[in-house]
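Student: Starting off with a structure, shown below.
The values are calculated or read from the model by the stated rules, or taken from the named source; none is laboratory data. Everything quoted here is computed from the prediction, not taken from an experiment. Note that we place each Cβ from the backbone using ideal geometry, even for glycine, and neighbour counts take in every protein chain shown.
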Amino acid sequence: MLELRKITCQKNEIPIFEGINVKLSAGECLHIKGGNGSGKTSLLRIIAGLSDPEDGTILWTGENIKHDRETYHANMLYLGHQPPIKENLTVLENLSFMLALAGINADYEQKNRALKKIGLSDKISIPAHMLSAGQKTRLALSRLPSDNRKLWLLDEPFNSLDSVAISCLETLISDHLTNNGIVVITTHQPLKIDPGKLKVLELSV
Amino acid sequence: MNPWVILKALFLREIKLALHRRANILTLGYFYIMIATLFAVSMNGDAKALQSIAPSALWVSALFAIMLSLNHLFTDDFTDKTIEQLLLAPAPLSMLVAIKIFVQWLTSAFPLILATPFLGIQFGMGAAEIGSLLTSLLLGTPTLTLIGAIGAALTLGTKGSSILIAVLIFPLYIPTLIFGSSAANATLFGHSAEEALVMLAALLIIGIITIPYAVAVSLRIALE
């Protein structure tokens, strides 16, 4: 499904990583590891199509992602390490907009269930600027239960989450893999996922 | 996948966010009225002279106010990272950009146009002159917002972007200013405003066709 071919990345003429080859099929998870500055976020942004690699191609169902951007993005979710949230809008408005922007139709019940699952159901009509850092991350993740897109790219999603939210997210990821989804994730913490489904990519500084 | 759902969601979000920034809209309106009034005061009560500079004075005031409003267009989305999600939406980015620019015009330039008839009276303009001034503003200010969007996109993420925008788009504003004020002036001096209005409309059409695409490309480069 997702294939990285000889991905090379440079920043200001300094090579970050070179010749990365990965093949992921449905139901597999790629855990990108590496120290600070090893290029985890850069690789994830390249996979998302936000930045171009110095060299190499990314294929989605055998098709270069640059050829049909909209089809690829209709099948892909990217969450950067800073939760993309509008501070002036309420929790529900933020969730509704994120889902609509992905072209996902979710009714009020569904959104309410998602917010309950992630532990934000009592904050539903509160402006997002009143949330703590961990709650903002939760809000960004609250779209996951309704997000049926195949490929999830998650950049440090466990940051500033408490243990309850961490196990909730782990369940969401496992469920997604069971439903034949693909997850690419960067994190420093060990992933509690069936080792048969897990691939690890170690980037060195 | 229906892109209209996405476009509608963005339109509604932009309107909501603009309503949260009502104070900015009022500030802009006040700024516009203030510059126009300073023009009027500085004419030292010469009613004839005041009337003859009215179209130009109001056009320049509107241009300054619109320029002042451009800073918000992309920087807010850039700071809170929601712009990345726009770039990744399964809809043409140029359409999303067009929506953002339209709401920007609706919440910055359009209120100024609504205030213009009152300022026109203050300058001693007649109904016909005010009419052609309003038409020229309705056709010309969207072009100003569109051109400003290019400046805002190209300077996104740079330090001191507001002054950079101004330097960048200032020369590009001149054609619109010339045709806009000459349409209003033509009526004042008893000529037909049609020619200038047609030119304004032509500029606007070219802008609507080309600029959202250019802005989309420069946003992708700025976010890389």
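Student: Just checking: which of the helices (runs of 4 or more DSSP H) contained wholly in segment B:1-86 hold 3 or more residues that are under 18 Å from B:Leu106 (Cα atoms), within 14 Å of another protein chain (Cβ to nearest Cβ) and touching a Gly at 6+ places or on another chain (Cβ under 7 Å)?
Tutor: none
Student: Do we find a residue being basic (Lys, Arg), surrounded by 18 or more Cβ atoms within 10 Å (Cβ to Cβ) and free of Cβ contacts under 8 Å to residues at least 60 places away in the same chain anywhere in segment B:78-88?
Tutor: No, segment B:78-88 has no match at all.
Student: If I filter segment A:91-131 down to residues being among the small types (Gly, Ala, Ser), more than 19 Å from the chain's Cα centre (by Cα) and under 19 Å from B:Thr82 (Cβ atoms), which single residue comes out as surrounded by the fewest Cβ atoms within 10 Å (Cβ to Cβ)?
Tutor: Filtering segment A:91-131 for residues that are among the small types (Gly, Ala, Ser), more than 19 Å from the chain's Cα centre (by Cα) and under 19 Å from B:Thr82 (Cβ atoms), the one surrounded by the fewest Cβ atoms within 10 Å (Cβ to Cβ) comes out as A:Ala106.
Here is a yes/no grid of residues against (1) surrounded by 15 or more Cβ atoms within 10 Å (Cβ to Cβ); (2) hydroxyl-bearing (Ser, Thr, Tyr); (3) at pLDDT below 90:
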| residue | (1), (2), (3) |
| --- | --- |
| B:Ile169 | yes, no, no |
| B:Thr187 | yes, yes, yes |
| B:Gly190 | no, no, yes |
| B:Ala196 | yes, no, no |
| B:Ala201 | yes, no, no |
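Student: Please verify whether segment B:117-138 includes one or more residues that are surrounded by 20 or more Cβ atoms within 10 Å (Cβ to Cβ), within 22 Å of B:Ala57 (Cα to Cα), acidic (Asp, Glu) and in contact with a helix residue (DSSP H, G or I) (Cβ under 9 Å, 6 or more places away or on another chain).
Tutor: The answer is yes, given that some residue of segment B:117-138 is surrounded by 20 or more Cβ atoms within 10 Å (Cβ to Cβ), within 22 Å of B:Ala57 (Cα to Cα), acidic (Asp, Glu) and in contact with a helix residue (DSSP H, G or I) (Cβ under 9 Å, 6 or more places away or on another chain).
Student: May I ask you to list pairs of residues, at least six apart or on different chains, whose Cβ atoms are under 6 Å apart, with the first in segment B:19-43 being at pLDDT 95 or above and the second being of a type in the set (Lys, Arg)?
Tutor: none
Student: Let me ask you something else. Select from segment A:68-86 the residues that are part of a loop (DSSP other than H, G, I, E, B) and more than 7 Å from chain B (Cβ to nearest Cβ) and write down the one among them that is surrounded by the most Cβ atoms within 10 Å (Cβ to Cβ).
Tutor: Looking at the filtered set, the residue picked out is A:Pro83.
Student: Inside segment A:158-186, can you point out the residues that are closer than 22 Å to A:Lys40 by Cα, surrounded by fewer than 20 Cβ atoms within 10 Å (Cβ to Cβ), among the hydroxyl-bearing types (Ser, Thr, Tyr) and modelled with pLDDT of 90 or more?
Tutor: Passing the criteria: only A:Ser174.
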